[in-house]
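Remarks on the structure that follows.
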Amino acid sequence: MNLHSPHLEPLPSPSPSPSPQYTPGGPDPAQVDPQVLGALLHRHGWLRRGGAAGRYGRWTPPGRSGTSLLVPESRAFPDCADLLDEALTALAHSGLPSAREVLLGLSVPSDEIRWEREIPEGPYGYRGEASWPVQEQLRSAARRLLLAGALADRARAGYYGARHQAQAERTLDGVLVGPAPGGRRLSAYVPVDGGRGPVTRLHHALHAAREAVDYQRATGGMEAFDAAVAAGVSRELAEALIALVRGSEGARIALAWAPAAGVPAGCAARPEPVEFSPGDLPVLREAAARYTRAEPAVPVRLAGAVVRMRRKAAGGGGTVRLRVLAGAEVPYVRAALDEEAYRIAGHAHLVGLPVRVTGRLQRRGGFRRLSDATEVTPVPMDEVERDRLMKSLDAAFDPEDVLPSDD
């Protein structure tokens, strides 16, 4: 086993993507802030048990098992560099999970999100043991919650569907996730150098969702969920919470800010964990349905490349599928066209030109259907632009993007 690695892996995503890697050498002692190291040790359960006041502290690991560390309180201490080097070396050789987490926090300054689920007794009578599907449920729900925060950071909506999905997915590329033995706990580390918007938005949205659920259970009214949209609550967040809590006896989500980056504006320095129970599930389901019903259609004028055409007979109108190039935040849309508009779209497809079309994105199908499509016109392009477009279409097409009803 490589004891010099924090044993973290990229957060699972639909497609492989690069992520920050922890270097075998670990953080450079010359770049480590002693106060940040002390804050991370405290966060991960290490206890300070004495030391020369104003000079250094002696830290012992959780459970008092393992080697203690001498950590200087500031770089003004004469032997600061030597003590930091010794402390980091000891952490790198430690088999404790908390030691690896501290090293990660120093190497890649990250905001931490921790999920914990109370699961029923396992099949062999050991509480906390979980089957493979239960562990996957935790990982999937955690990712959906992060994605909901990233969506809310892009825009506020009660229901996103396919809107902003590609951009939100890319913001999760650098997220690292630690191992989750037992399927009860999971930690994610979101590097602060890529922006803290998704994490701060998730922080506000979770607390707003908790307050809205409490309000509904106390009064029976759902009005609080309407106001909670401004804080980032959405159908996507509600469904992620449902997935997290379902099958458990309760779930808890805690956030901790990267000590090296400080506290984001408008956030508590030490956010209180947010908890949800099985009794909250009916309210969350009702909120998800409410958001879906309430989200209005979106008027758009978009440009897109025709990638599929279909009609029942040789004459008359038909349905086209467009890869959106501009004007909407979704990758593909389907539109029903009359005979003349269908003919224009077919001609544009044959000569390799995109078309411009006006209509309304409907929430049905996740905002991937364009209703009342009118003003279909080809978009002029020179030969170089047309060749570039055709190559990009060939490279970007993913069969998984095709809606089931398209086949």
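No lab work stands behind these numbers, since they all come straight from the coordinates. This one's a predicted model, so the numbers in the text were calculated from it and none came from an experiment. Because the Cβ atoms are built from the backbone with ideal geometry, glycine has one as well, and the counts that use them run over all protein chains shown.
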Could you calculate the FRET efficiency of V351 with C267 from 1/(1 + (r/R0)^6), where r is the beta carbon distance between them and R0 is 60 Å, rounded to 0.05? 0.65
A correct fewest-to-most ranking of D153, D79 by other Cβ atoms within 10 Å would be D79, D153
Take the alpha carbon atoms of segment 111-294, find their radius of gyration, then divide it by 2.2 N^0.38 Å using N residues; give the quotient. 1.00
To the nearest Å, what is the center-to-center distance of segment 64-95 and segment 264-339, using C-alpha atoms only? 51 Å
Unit charges on C-beta of K, R, D, E only; dipole of segment 152-224, Debye: 80 debye
Based on the Cβ-Cβ distance of Q31 and E223, what FRET efficiency does E = 1/(1 + (r/R0)^6) give at R0 = 51 Å, to the nearest 0.05? 0.50
So, how do all the Cα-to-Cα distances of segment 298-393 break down into 5 Å bins, in percent, from 0 on up? 3, 14, 27, 26, 17, 10, 3, 0
